[in-house]
1. Looking at (1) among the basic types (Lys, Arg); (2) open to solvent by 80 Å² or more (accessible area, probe 1.4 Å); (3) touching a Lys or Arg at 6+ places or on another chain (Cβ under 9 Å), can you tell me which one Lys99 breaks?
2. Tell me whether region 84-91 contains one or more residues that are hydrophobic (A, V, I, L, M, F, W, C), surrounded by fewer than 10 Cβ atoms within 10 Å (Cβ to Cβ) and part of a helix (DSSP H, G or I).
3. Listed residues Tyr112, Tyr49, Tyr56; which is in contact with an Asp or Glu (Cβ under 8 Å, 6 or more places away or on another chain) and at negative phi?
4. Among (1) open to solvent by 90 Å² or more (accessible area, probe 1.4 Å); (2) assigned to a helix (DSSP H, G or I), there is one condition Ser105 misses while meeting the rest; what is its number?
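The values are calculated or read from the model by the stated rules, or taken from the named source; none is laboratory data. Keep in mind it's a predicted model, so treat the numbers as computed, not measured. Glycine also receives a Cβ, built like all others from the backbone with ideal geometry; neighbour counts cover every protein chain displayed. We work out accessible area using only protein heavy atoms, side chains counted, and drop any ligands, DNA or RNA first. Shrake-Rupley method; radii C 1.70, N 1.55, O 1.52, S 1.80 Å.
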Amino acid sequence: ADMASIDATIPQVLSDVTTQIMYFLAMLGLLCYFLPEMIVVVLLLAWPYNKLVTFYRFPARDLRRLESISKSPLNSQFSEVLRGATTIKAFRKVNGFRKQHLALSEVNTRMYWAKWAANQWITVWLELIGCG
């Protein structure tokens, strides 16, 4: 099932990426044809964009990984609670599982907000470069 969904998704994603690259190249070509002085501007802006993306790429990947890692125990605990809800209620351990769930949720929320803050940081810097 997983491989089938991957096999169905990859061609569509590759098609979308190819289409976007072609749109970008067409827009760049038209821009440079009608406004040749923009070639200099594009080349001057390419360097800081590249440096910023290179700087951002690895921490962003690590933050996504950390969020995913923190989400796994949360999902696992949630499914365990669903399967054993009657047993948990019978032994009156609801509060213990609630506290455990809240602790796992807090860790996951911290990772989510770290990733969100990094995304906001890159957004601000890309906009600053584009406006400057």
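1. Of the numbered conditions (1) among the basic types (Lys, Arg); (2) open to solvent by 80 Å² or more (accessible area, probe 1.4 Å); (3) touching a Lys or Arg at 6+ places or on another chain (Cβ under 9 Å), the odd one out for Lys99 is (3).
2. yes
3. Going through Tyr112, Tyr49, Tyr56 in turn, just one is in contact with an Asp or Glu (Cβ under 8 Å, 6 or more places away or on another chain) and at negative phi: Tyr112.
4. (1) is the only condition that Ser105 fails.
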